[in-house]
Amino acid sequence: KCFELYKHIWGVESTVKSNEGDVKEESSLGVTESDGWFENSFLVPSVEILGVDSVKELWSKVPIESKKKTEEKMKLLKECEHECKNVEEILKSRKDECVLQKLALLSKVTSVITETK
């Protein structure tokens, strides 16, 4: 899934929906009422840090097709982040298991050594 981001096909059509699931109409400027994902993403503060004022106003002027492509990429990024989090949890669990095995082996070796005294 994570690698789908790199394979993203630019011509994919997607329907823009609001949080309620209603399809929103596009204005002549290409602005939709479903840009909440953009406003709540890491993109706005990241662009503002670069010194761009009124990011939301500038975003409203971006063509709708570019918005759709960006939204699709954001979805793929979220899937990738989720997948990475799952892998990290599995890795932590495996590391914990290895520590327990080391402790068990240490206990066994200590027991064997102390029995031979």
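The values are calculated or read from the model by the stated rules, or taken from the named source; none is laboratory data. Being a predicted model, the structure only gives us computed values, none of them experimental. Cβ sites come from the backbone with ideal geometry, for glycine too, and all protein chains shown count toward neighbours. When the accessible area is computed, the model is the full protein with side chains, heavy atoms only, and any ligands, DNA or RNA have been set aside. Shrake-Rupley method; radii C 1.70, N 1.55, O 1.52, S 1.80 Å.
Taking the charge dipole of the range 37-116 about its Cα centre, with +1 at Lys and Arg Cβ atoms and -1 at Asp and Glu Cβ atoms, the residue from Ser66, Leu43, Val99 reaching farthest to the positive side is Val99. Entry comment: accessible area of the range 37-116 is 77 Å² per residue, from protein heavy atoms only and a probe of 1.4 Å.
Quick one: order Lys69, Lys95 from most to least accessible surface, probe 1.4 Å. Please report the intermediate quantities before stating the final value.
Numbers: Lys69 50, Lys95 120 Å².
The ordering from most to least exposed comes out as Lys95, Lys69.
Keeping all protein chains in place and using 1.4 angstrom, which order do Cys80, Cys98 fall into by accessible surface area, from largest down?
Working: Cys80 20, Cys98 50 Å².
Heavy-atom accessible area, descending, gives Cys98, Cys80.
Of the whole protein surface, Leu91 contributes about 90 Å² of accessible area at a 1.4 Å probe radius.
Per atom type, the range 37-116 shows carbon and sulfur on 61% of its accessible surface, probed at 1.4 Å.
Placing one identical point scatterer on every Cα of the range 37-116 and ignoring solvent, what is log10 I(q)/I(0) from the Debye formula at q = 0.19 Å⁻¹? With no solvent term, the Cα-only Debye profile gives -0.90.
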